[in-house]
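K.L.:
Here you go, one structure.
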Amino acid sequence: QVQFVESGGGLVQPGGSLRLSCAASGSGFSAYAMAWYRQVSGKQREAIATITSRGSTNYADSVKGRFTISRDNAKNTVYLQMNSLRPEDTAVYYCRTVLSAVSSWGQGTQVTVSS
């Protein structure tokens, strides 16, 4: 199975930016579509951005125009550039393959948007 380690979270003021990274271990990373998810305490985890193996992207309406997903297959890494952050973006952020059967959840990285 592919496993992930997310990093790059932290405390940021509204309107600020963060770049999350997700390092994958295991085989086959470059062949899989990847997604970033987030989970607010007490709520269900939601997918917010996806990227195919060829680089096509899709976004949830809540982050469209503010967040950008990208990947570097040579480094087995997926990124999430987050701009114009809002307090409602506060959550734990995770990455995972879209095909859940081939991977497991990492520990996530906490993003807190607050003044």
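The values are calculated or read from the model by the stated rules, or taken from the named source; none is laboratory data. These numbers were taken from a predicted model, which means no experiment stands behind them. Here Cβ is always computed from backbone atoms with ideal geometry, including for glycine, and neighbour counts include all displayed protein chains. Ligands, DNA and RNA are stripped out before the accessible areas are found, and what is left, the full protein with its side chains, is counted by its heavy atoms. Shrake-Rupley method; radii C 1.70, N 1.55, O 1.52, S 1.80 Å.
K.L.:
Would you mind finding the longest exposed-site-free stretch of the chain, with exposed trypsin sites (Lys or Arg not before Pro) meaning DSSP loop and at most 12 other Cβ atoms within 10 Å? Can you show the working numbers first?
P.N.:
Working: sites that count: Lys43, Arg54, Lys64.
Longest stretch, sites excluded: 65-115.
K.L.:
Ser114 to Ser56: FRET efficiency via 1/(1 + (r/R0)^6), r the Cβ-Cβ distance, R0 30 Å, to the nearest 0.05?
P.N.:
Details: r = 34 Å, r/R0 = 1.12.
The value I calculate is 0.35.
K.L.:
In percent, what relative contact order does the chain have, based on Cα pairs under 8 Å that are 6 or more apart in sequence?
P.N.:
Values: 282 pairs, mean separation 43.7, N = 115.
Relative contact order comes out at 38 percent.
K.L.:
Can you tally the net charge around Tyr94? Count Lys and Arg as +1, Asp and Glu as -1, for every other residue whose Cβ sits under 9 Å from the Cβ of Tyr94.
P.N.:
Numbers: positive: Arg38, Arg45, Arg96; negative: Glu6.
Charge balance near Tyr94 sits at +2.
K.L.:
So, with +1 on the Cβ of K and R and -1 on the Cβ of D and E, and no other charges, what is the size of the charge dipole of segment 1-100 about its Cα centre, to the nearest 20 debye?
P.N.:
Numbers: 11 positive and 6 negative charges, 19 e Å.
About 100 debye.
K.L.:
Tally up the carbon and sulfur contribution to the accessible surface of the chain as a whole percent, 1.4 Å probe, everything protein left in place.
P.N.:
Ligands and nucleic acids excluded, carbon and sulfur give 46 percent.
K.L.:
Right, next: What chymotrypsin sites (Phe, Trp or Tyr not before Pro) does segment 1-109 have in DSSP loop regions with at most 16 other beta carbons within 10 Å? Walk me through the intermediate numbers first.
P.N.:
Details: sites: Phe4, Phe29, Tyr32, Trp36, Tyr37, Tyr59, Phe67, Tyr79, Tyr93, Tyr94, Trp105; in loops: Tyr32, Trp105.
Filter output for segment 1-109: Trp105.
K.L.:
Using a probe radius of 1.4 Å on heavy atoms only, what accessible surface per residue do you get for the chain? Whole Å² is fine. If you can, show how the numbers build up before the last one.
P.N.:
Numbers: 5910 Å² over 115 residues.
Each residue of the chain exposes 51 Å² on average to a 1.4 Å probe.
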